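Structure first, then comments.
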Amino acid sequence: MATLVCAGAVLKCTMGTTPSVFGVLPVNQVLTGVPAATVLDNKPMTNVAPFGMCISPANPAVAAATAAALGVLTPMPCLPVTPAPWTPGSPAVLIGSAPALDALSRLSCTWGGLIQITSPGQLQASGL
């Protein structure tokens with residue numbers, strides 16, 4: 001089983017220039033020392049922080065800056081747009097009424113980036 005994700009996890013976007021830290025509000029009152037996440041924790045700025053600069057030509061800000069630079073790709077500040085939940089999550093483990101978020105899940109950004117979890121925010125204990 002994959003490791004469940006909690007607040008403080010490290011995220012990476014294929015179209016971002018830096019990693020970001022995952023935020024989870026303690027609304028479900030499931031704590032691993034910090035709040036545990038569900039697939040519904042996909043809200044930009046609340047859960048998914050910006051990834052530095054965006055390099056996706058599908059991002060209107062990047063496209064405009066690139067056009068102004070005569071076709072030279074010009075990164076612009078990242079503002080994630082993540083309207084759909086994380087997939088697939090862990091359907092066997094529910095937090096509230098939503099599947100728990102596991103470290104193998106992915107999230108798509110409208111601008112073409114694929115967001116993945118590089119560190120789940122907790123380590124699996126062995127020998128317990």
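The values are calculated or read from the model by the stated rules, or taken from the named source; none is laboratory data. What you see is a predicted model, and the numbers here were worked out from it, not measured in a lab. Note: accessible area is taken over every heavy atom of the protein model, side chains too, but ligands, DNA and RNA are not part of it. Shrake-Rupley method; radii C 1.70, N 1.55, O 1.52, S 1.80 Å.
Would you kindly work out the equivalent ellipsoid of the chain from its C-alpha gyration tensor and give its semi-axes, the square roots of five times the eigenvalues, largest first in whole Å?
On the way: eigenvalues 194, 35, 27 Å².
With the √(5λ) rule applied to the chain, the semi-axes are 31, 13, 12 Å.
Tell me, what % of the accessible area of the chain is carbon and sulfur with a 1.4 angstrom probe? Walk me through the numbers before you get to the answer.
Values: 4580 of 6770 Å².
On the chain, the fraction of accessible area on carbon and sulfur atoms equals 68 percent.
Residues of the stretch 1-67: accessible area per residue at 1.4 Å, in Å²?
Working: 3170 Å² over 67 residues.
That works out to 47 Å² per residue.
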